[in-house]
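Here's a structure for you.
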Amino acid sequence: MSAAYALQIALNASVVSSLYGLLAVAYVLVHGITRRVNLAFGALSVWAGYLAINLTLYLMLSNPGATLIPLLAAAGYALIGTAVLGGVIERLVVRPLVRTGTLAMLTATLGLAIVLEETMRLLNNSSERWLMPMFDAPISIDAESGVQTTAMQVFVCLAALAVSLSLVIGMERLAFGRRWRAVSQDLAMAELCGVDAGRVLAITFALASISAAAAGALGAVYYGQASFYSGLMIGLKTLFVAVVGGLDSIGGTFVAAILLGLFETFWSGYFSQEWRDVVSLLGLTALMILFPAGLFVPERRRDDLR
């Protein structure tokens, strides 16, 4: 239980935190302009995981010896396929419920999550999908202490970082980010000022779907597994992360995801892993009790929450 062991655990936590952050920010993007919680993002991440693994296996069987190109092609296919599915969901389910009661969208997206998971289960004959380890040769960081990483771990972290920075910088500097903030602050006034709220919602949901798909695809190729029944737990924990992070703060959400990833990985490293989810959810619940508005609340939301 040395410092090197703790450093190794922290390196492993970087992947978990990255995946939690990508999925949690999907909740934040949609909630910011709808003030509604969408429970389908966990299922969308599972959908993307199945798409990525199935296409990777198909391309590798069709082209023996190839690994990198099938992996990249499958990741792109998962992102595009899930973004298209997200667009359909936004038009048929989310948009009609934006101006209705809070429970309407909550209930509808919960049912939609079950439909998506069951559809994927039936399409795959109720089977999980497994992928052989790839790019898992150890890369030594400190030969004396034995701390190491792998090329796959570096790839997942860099890909997640690229998506995260693109979202943060894009929402801060691009015209769409200004429109999103305008709709988030006052939907009616934004429409009176000429902002097409329907278009903003469609683009937002597409971005959220891509973020959830990135989490699902990267997690599937990293862990080598896609499971149709994992969407509920993943979606629930990342929803907690989004709430703890402030629910309207993208930066706060990533910080909360880092905290949860570190906590879960250190717990698994030092204590019994079968209690990990229980303790994690208890910890997140305690944070929500202590900070009901989240750890990072934008100034514009403080008046709404008093």
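The values are calculated or read from the model by the stated rules, or taken from the named source; none is laboratory data. Not measured: the values here are computed from a predicted model. Glycine gets a Cβ as well: all are built from the backbone with ideal geometry, and neighbour counts include every protein chain shown.
Could you please find all residues in the stretch 136-183 being touching a helix residue (DSSP H, G or I) at 6+ places or on another chain (Cβ under 8 Å), within 26 Å of Ser45 (Cα to Cα) and among the acidic types (Asp, Glu)?
Answer for the stretch 136-183, where residues must be touching a helix residue (DSSP H, G or I) at 6+ places or on another chain (Cβ under 8 Å), within 26 Å of Ser45 (Cα to Cα) and among the acidic types (Asp, Glu): just Asp136.
Can you name the residue in the stretch 257-290 that is among the charged types (D, E, K, R) and free of Cβ contacts under 8 Å to residues at least 40 places away in the same chain and, of all such residues, is nearest to Ala4 (Cα to Cα)?
Looking only at the stretch 257-290, we keep the residues that are among the charged types (D, E, K, R), and these are 264, 274, 276-277.
From what is left, the residues that are free of Cβ contacts under 8 Å to residues at least 40 places away in the same chain are 274, 276.
On the way: Glu274: 24, Arg276: 22 Å.
For the stretch 257-290, the residue satisfying everything is Arg276.
Related question: For the list (1) closer than 17 Å to Thr107 by Cβ; (2) surrounded by fewer than 22 Cβ atoms within 10 Å (Cβ to Cβ); (3) of a type in the set (Phe, Trp, Tyr), I need the number of the one condition that Tyr77 fails.
(1)
Check the stretch 214-227 and report whether any residue there is closer than 24 Å to Leu158 by Cα, surrounded by fewer than 16 Cβ atoms within 10 Å (Cβ to Cβ) and within 17 Å of the chain's Cα centre (by Cα).
yes
Can I ask one more? Look through Val156, Val168 and report the one residue that is within 29 Å of Thr253 (Cβ to Cβ) and either modelled with pLDDT of 90 or more or assigned to a strand (DSSP E or B) (or both).
Working: Val168 fails: either modelled with pLDDT of 90 or more or assigned to a strand (DSSP E or B) (or both).
None of the others qualify; the one that does is Val156.
Is there a residue in the stretch 22-35 that is surrounded by 23 or more Cβ atoms within 10 Å (Cβ to Cβ) and farther than 24 Å from Thr253 by Cα?
no
To continue, here is another question. Can you find a residue that is under 18 Å from Leu23 (Cβ atoms) and among the aliphatic types (A, V, I, L, M) anywhere in the stretch 56-69?
No - not one qualifying residue is present in the stretch 56-69.
Could you tell me whether Thr82 is touching a residue at least 60 places away in the same chain (Cβ under 8 Å), closer than 13 Å to Ser45 by Cα, polar (S, T, N, Q) and crowded, with 17+ Cβ neighbours inside 10 Å?
yes
Go through the stretch 4-63 and give me each residue that's outside any helix (DSSP H, G or I) and without any contact (Cβ under 8 Å) to a residue 12 or more places away in the chain.
Listed by number, the list holds a single entry, Asn63.
If a residue must be part of a helix (DSSP H, G or I) and either among the small types (Gly, Ala, Ser) or free of Cβ contacts under 8 Å to residues at least 40 places away in the same chain (or both), how many such residues does the stretch 124-153 contain?
Counting residues in the stretch 124-153 that are part of a helix (DSSP H, G or I) and either among the small types (Gly, Ala, Ser) or free of Cβ contacts under 8 Å to residues at least 40 places away in the same chain (or both) gives 1.
Restricting to the stretch 100-112, count the residues that are among the hydroxyl-bearing types (Ser, Thr, Tyr), loosely packed, with under 15 Cβ neighbours inside 10 Å and either touching a residue at least 12 places away in the same chain (Cβ under 8 Å) or part of a helix (DSSP H, G or I) (or both).
Step one: of the stretch 100-112, the residues among the hydroxyl-bearing types (Ser, Thr, Tyr) are 100, 102, 107, 109.
If we keep only those that are loosely packed, with under 15 Cβ neighbours inside 10 Å as well, we get 100, 102, 107.
Then drop every residue that is not either touching a residue at least 12 places away in the same chain (Cβ under 8 Å) or part of a helix (DSSP H, G or I) (or both), which leaves 102, 107.
Counting residues in the stretch 100-112 that are among the hydroxyl-bearing types (Ser, Thr, Tyr), loosely packed, with under 15 Cβ neighbours inside 10 Å and either touching a residue at least 12 places away in the same chain (Cβ under 8 Å) or part of a helix (DSSP H, G or I) (or both) gives 2.
Answer yes or no as to whether Val15 is out of contact with any Lys or Arg (no Cβ under 6 Å at 6 or more places or on another chain), surrounded by fewer than 16 Cβ atoms within 10 Å (Cβ to Cβ) and either modelled with pLDDT of 90 or more or within 21 Å of Gly111 (Cα to Cα) (or both).
No, not satisfied.
Also: Quick check on this structure: which one of Thr265, Thr253 is in contact with a Gly (Cβ under 6 Å, 6 or more places away or on another chain), among the polar types (S, T, N, Q) and within 22 Å of Leu158 (Cβ to Cβ)?
After applying the criteria, what remains is Thr253.
What about Leu97, is it surrounded by 13 or more Cβ atoms within 10 Å (Cβ to Cβ) and either modelled with pLDDT under 90 or in contact with a helix residue (DSSP H, G or I) (Cβ under 8 Å, 6 or more places away or on another chain) (or both)?
So Leu97 passes the test.
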